[in-house]
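Input: a single structure, listed below in structure tokens.
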Amino acid sequence: MKTLNMDVQKIWSDRLIKATTSDYIAILEKLNRKNYFSEDVHKHLDPVMEQLMENPANQQWLTHAGQKGGSTAFVLTIAAYAEDKEGNQTEIAFFANNLTAKEQIKLSKSMNSFQLKFLKDDVFRMRLTQELS
């Protein structure tokens with residue numbers, strides 16, 4: 001497979017469909033609560049979205065969790081939802097655009113630990129919510 005050069009990737013990135021994190025959160029809440037779409041929809045959608053649950057470590061503390069991400073050389077997005085064994089439900093959408101190569105690499109490498117901290121650390125989550133409000 002040929003890779004796209006940076007100029008083509010930039011043009012492609014600039015023309016991707018635009019949505020807001022609020023748009024994504026509205027969908028993630030529906031997926032997380034599992035009361036909007038039919039069981040039949042979830043029967044097909046969950047295996048695609050909830051591959052995180054194949055990891056035994058995630059099965060220890062999560063009832064379910066799903067995510068969808070995307071990236072180009074200039075864009076990084078992640079949309080995720082989770083419900084822990086105590087019934088706490090969390091949704092997060094993170095979109096970054098017009099990244100430098102260095103920023104894209106740094107964000108990509110730290111996204112998993114950021115998501116885990118967001119899900120598991122109440123103080124961090126509250127602080128982040130306050131800072132971004």
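The values are calculated or read from the model by the stated rules, or taken from the named source; none is laboratory data. Because the structure is predicted, anything quoted here is derived from the model rather than measured. Here the Cβ positions follow ideal geometry from the backbone for every residue, glycine too, while neighbour counts run over all protein chains shown. For accessibility, only protein heavy atoms count, side chains too; no ligands or nucleic acids. Shrake-Rupley method; radii C 1.70, N 1.55, O 1.52, S 1.80 Å.
Below are the figures for this structure:
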| quantity | calculated |
| --- | --- |
| In region 112-124, the residues that are within 15 Å of the chain's Cα centre (by Cα) and either charged (D, E, K, R) or not in a helix (DSSP H, G or I) (or both) | LYS117 |
| Looking only at region 85-108, and only at residues there that are open to solvent by less than 60 Å² (accessible area, probe 1.4 Å) and hydroxyl-bearing (Ser, Thr, Tyr), the one that is farthest from ASN32 (Cα to Cα) | SER108 |
| Boolean, PHE74 is part of a helix (DSSP H, G or I), among the aromatic types (Phe, Trp, Tyr) and more than 14 Å from the chain's Cα centre (by Cα) | no |
| Identity of the residue in region 88-133, small (Gly, Ala, Ser) and in contact with a strand residue (DSSP E or B) (Cβ under 9 Å, 6 or more places away or on another chain), that ends up nearest to LYS10 (Cα to Cα) | ALA96 |
| Qualifying residues in region 56-84 (those that are β-branched (Val, Ile, Thr) and under 20 Å from SER108 (Cα atoms)) - the one surrounded by the most Cβ atoms within 10 Å (Cβ to Cβ) | ILE78 |
| Segments classed as helices (runs of 4 or more DSSP H), wholly inside region 1-55, with at least 1 members that are at pLDDT below 80, of a type in the set (Gly, Ala, Ser) and surrounded by 10 or more Cβ atoms within 10 Å (Cβ to Cβ) | 6-14 |
| Cβ pairs under 7 Å, 6+ apart, first in region 84-111 and assigned to a strand (DSSP E or B), second small (Gly, Ala, Ser) and crowded, with 17+ Cβ neighbours inside 10 Å | THR90/ALA82; ILE92/ALA80; ALA93/ALA79 |
